[in-house]
Amino acid sequence: MTNQGFIITSLILILFVSTPAQSELVIIGNSKTVFSELNTRIISRIYTGKIIEIEGISVIPINSTQTTTLRNKFLEKYLSQDENEYSAYWTVRRFIGKGTPPKELASVTDIINYVGETPGAIGYIDTDSISVPNSVKIINQ
Amino acid sequence: MAINSLFDYKLLIKMLPLAMLYHNNAHAEISYDFSGFGTLGFAVSNNSSPYLQYIDNEGTFSKDSLIAAQLDIKFSSKLSATIQAKLAANNSQANGVDVDITWAFLSYRPNNDWLFRIGELQVPGYLNSVNRDVGVTYNYVRLPAETDSTSPIYHFTGAAISKTFNFDDSDFIVDLYAGKKTTDLRYYIGNEILGAYTQGSSYNQVDIDLVGMSFSYKTPKHTFVAAMHRVKVKNEGGEEWLKEIGFTEVIPGSEIGYYNNDLSSGASVTNRLDLYLANIGADIYLGNDLRLASELVYRKTNDLNIGINGVLGYVSLQKRIDKWTPYIFYSQIKTFSNDLKKHQRIDSNQVPSAIPNADLINASQHVIADIYQAYDQFSVAIGTSYRFSPVSVLKAEIMFVEVDDTSSLFDVSSQSESSNYSTTIFSLSYSFAF
């Protein structure tokens, strides 16, 4: 191997090894919740207040607080909306008497703890920021 | 400050203990959510005759300004209560502001598709009927008045049932509602008759029973609505309404005479009427951030031959350009032709001055025409909204209102021109929610 070939091969290996693991947004639910998997459409309808129960179990969606990257990624992936569109939607829905937006929690740890302690609760986290404990299970990714 | 509608609280207050009882059994977590919204709006016209009660050439904050607060109490995912109070200029009295309870209901949603509500509710069925006070939810400075003025009331004490049929990417919603309301109907008397009528606003207290059904079809981009409403109105104060207007010939065999409410001249009176309303509407996304919205309303009573019988509607086009949404709308209200002609005959009827009490008789013709009410106008508005955020919006609009035969949306004194005139209105408002 020539010096030039060695350098190129080394650079490729360094690049490959140092690339960070791809972070992934996942939907989590309480581990004792009967539903094991929810599709994107159902998750969208839960977070827009159109679904409040699944298989007779009340569903309690949890949002990350506004202006977080996590929330923006969730809205884009599952609702095809940005923060402005989502806020506008709930502004109308609230004042026409059709309910209030999902509860908001500030940190991923808070979301995991709440979902883990509350039957029927679902939330979203970034697997890159924290590992998934046994009290919750991944229901969409 | 007049505080009305306190009785509206009573039903909710009675129901809350039941909700608490349910909550205690369900061991659910109660959550409270406080929110509010408001608008500070100024409007001025080039006409001394007020439009929509308030807008004249002196300018007013009264027509569009309001502030409201809302408390949502969630007992569980299925049971909740909402109360909303609004402070705004009083639309049913001449002066002052009024605290109005616009929502006060207990809501039970047993599953995803059914919703039961009881208490103080807003009349559904139009594109913006249940959010008409919330300025941040639409781009117009105010909803097209020709359509928005259709209903004698906007909220009632009663019950509503909603059933949602869910499809792949859309919802079909059926709403049924029924209830009651006591309110003051306003009309403007443009002439003074000593001992009988004073010039200015006049109010009839009425008891209203209403029932209706609405259908909505919603996709992520489009909304279609259709509704039917029956409104039974009973006159509780003031004199009875003229069902048929009598005519007395001053000179027998001639057409010279005057309209009146004398039963011997063919007049008949009633203290109740059934009003029927049917409406359809659509809000359609055309692509390229362009929206087309339109509503059409048919309004008819068989119990009175007056000018509220007619057709009204509007069509609007809105184009979103980043934070700006310029819009244009055309809106029209027109009393049915025969009723409009009759109004004109009454309003223009004058007896010769040689007839005894001619001045009094001639003045009475204008008063009867004012009570009869009639509408023949259209408006064109060009405006824009600028959104600082989803809950903060500035709006500006210029509107041209053209009155042909007459319009009871203007308070016109008998000394002023009551037909074939135009008015320009400039409006600026800021709406917010929190």
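Just so it is clear, none of the values below were taken in a lab; they were calculated from the coordinates. Since the model is a prediction, treat every value here as computed from it, not as a measurement. Methodologically, a virtual Cβ is constructed for each residue, glycine included, from the backbone with ideal geometry; neighbour enumeration extends over all protein chains shown.
Counting residues that are within 14 Å of chain B (Cβ to nearest Cβ) and surrounded by 15 or more Cβ atoms within 10 Å (Cβ to Cβ), which helices (runs of 4 or more DSSP H) fully inside the stretch A:69-141 reach at least 1?
On the way: elements: A:69-74, A:83-95, A:108-117.
Helices (runs of 4 or more DSSP H) meeting the threshold: A:83-95, A:108-117.
Return the total of residues in the stretch B:394-434 being of a type in the set (S, T, N, Q) and buried (at least 21 other Cβ atoms within 10 Å of the Cβ).
Quick first cut of the stretch B:394-434, residues of a type in the set (S, T, N, Q) only: B:406-408, B:413-416, B:418-420, B:422-424, B:427, B:429, B:431.
Then keep just the ones that are buried (at least 21 other Cβ atoms within 10 Å of the Cβ); that gives B:406-408, B:418, B:423, B:427, B:429, B:431.
Within the stretch B:394-434, residues that are of a type in the set (S, T, N, Q) and buried (at least 21 other Cβ atoms within 10 Å of the Cβ) number 8.
It is to be established whether one or more residues within the stretch B:161-168 are touching a Leu at 6+ places or on another chain (Cβ under 6 Å) and either hydroxyl-bearing (Ser, Thr, Tyr) or assigned to a helix (DSSP H, G or I) (or both). Reasoning before the result, please.
Kept after step one, since they are touching a Leu at 6+ places or on another chain (Cβ under 6 Å), are these residues of the stretch B:161-168: B:161-162.
Among the residues that remain, those that are also either hydroxyl-bearing (Ser, Thr, Tyr) or assigned to a helix (DSSP H, G or I) (or both) are: B:162.
Yes, the stretch B:161-168 contains a residue that is touching a Leu at 6+ places or on another chain (Cβ under 6 Å) and either hydroxyl-bearing (Ser, Thr, Tyr) or assigned to a helix (DSSP H, G or I) (or both).
Please enumerate the residues belonging to the stretch B:278-293 that are in contact with a Phe, Trp or Tyr (Cβ under 7 Å, 6 or more places away or on another chain) and not small (Gly, Ala, Ser). Before the answer, list the steps.
First, pick out the residues of the stretch B:278-293 that are in contact with a Phe, Trp or Tyr (Cβ under 7 Å, 6 or more places away or on another chain): B:278-279, B:281-282, B:291.
Selection gives B:279, B:291.
Within the stretch B:68-99, which residues are touching a His at 6+ places or on another chain (Cβ under 8 Å) and either within 30 Å of residue B:296 (Cβ to Cβ) or free of Cβ contacts under 8 Å to residues at least 60 places away in the same chain (or both)? Step through it out loud before you land on a result.
Of the residues in the stretch B:68-99, the ones touching a His at 6+ places or on another chain (Cβ under 8 Å) are B:75-76, B:79.
Within the stretch B:68-99, B:75, B:76 meet the criteria.
Are any residues in the stretch B:119-144 farther than 20 Å from residue B:183 by Cβ, more than 8 Å from every other protein chain (Cβ to nearest Cβ) and either β-branched (Val, Ile, Thr) or surrounded by fewer than 21 Cβ atoms within 10 Å (Cβ to Cβ) (or both), and if so, which ones? Write out each step before concluding.
Taking the stretch B:119-144 as the starting set, the residues that turn out to be farther than 20 Å from residue B:183 by Cβ are B:127-128, B:131, B:134-142, B:144.
The next check asks that each one be more than 8 Å from every other protein chain (Cβ to nearest Cβ); those that pass are B:127-128, B:135, B:138-142, B:144.
B:141 - this is the single residue of the stretch B:119-144 that is farther than 20 Å from residue B:183 by Cβ, more than 8 Å from every other protein chain (Cβ to nearest Cβ) and either β-branched (Val, Ile, Thr) or surrounded by fewer than 21 Cβ atoms within 10 Å (Cβ to Cβ) (or both).
Suppose we filter the stretch B:391-431 for residues that are of a type in the set (D, E, K, R) and farther than 17 Å from residue B:343 by Cβ; how many remain? Steps first, please.
First, pick out the residues of the stretch B:391-431 that are of a type in the set (D, E, K, R): B:395, B:397, B:402, B:404-405, B:411, B:417.
Retained after the next criterion (residues that are farther than 17 Å from residue B:343 by Cβ): B:395, B:397, B:402.
Qualifying residue count for the region: 3.
State whether the residues of the stretch B:222-245 include one that is closer than 20 Å to residue B:176 by Cα and either in contact with a Cys (Cβ under 9 Å, 6 or more places away or on another chain) or of a type in the set (S, T, N, Q) (or both).
Applying the first criterion (closer than 20 Å to residue B:176 by Cα) to the stretch B:222-245 yields B:223-233.
Cutting the leftovers down to either in contact with a Cys (Cβ under 9 Å, 6 or more places away or on another chain) or of a type in the set (S, T, N, Q) (or both) gives us B:223.
For the stretch B:222-245, residues closer than 20 Å to residue B:176 by Cα and either in contact with a Cys (Cβ under 9 Å, 6 or more places away or on another chain) or of a type in the set (S, T, N, Q) (or both): present.
In the stretch B:63-78, which residues are in a loop (DSSP other than H, G, I, E, B), of a type in the set (Gly, Ala, Ser) and either over 12 Å from residue B:108 (Cα atoms) or more than 8 Å from chain A (Cβ to nearest Cβ) (or both)?
Step one: filter the stretch B:63-78 for residues in a loop (DSSP other than H, G, I, E, B), giving B:63-65, B:75-78.
Going one step further and asking which of them are of a type in the set (Gly, Ala, Ser), we end up with B:65, B:76-77.
B:65, the sole residue that qualifies.
Do you know which of the residues in the stretch B:371-420 that are within 14 Å of chain A (Cβ to nearest Cβ) and in a strand (DSSP E or B) is nearest to residue B:49 (Cα to Cα)? Before the answer, list the steps.
Step one: list which residues in the stretch B:371-420 are within 14 Å of chain A (Cβ to nearest Cβ), which gives B:385-393.
Within this subset, residues satisfying the condition of being in a strand (DSSP E or B) are B:385-389, B:392-393.
Details: B:385: 28, B:386: 30, B:387: 33, B:388: 35, B:389: 37, B:392: 32, B:393: 30 Å.
Out of the qualifying residues, it is B:385.
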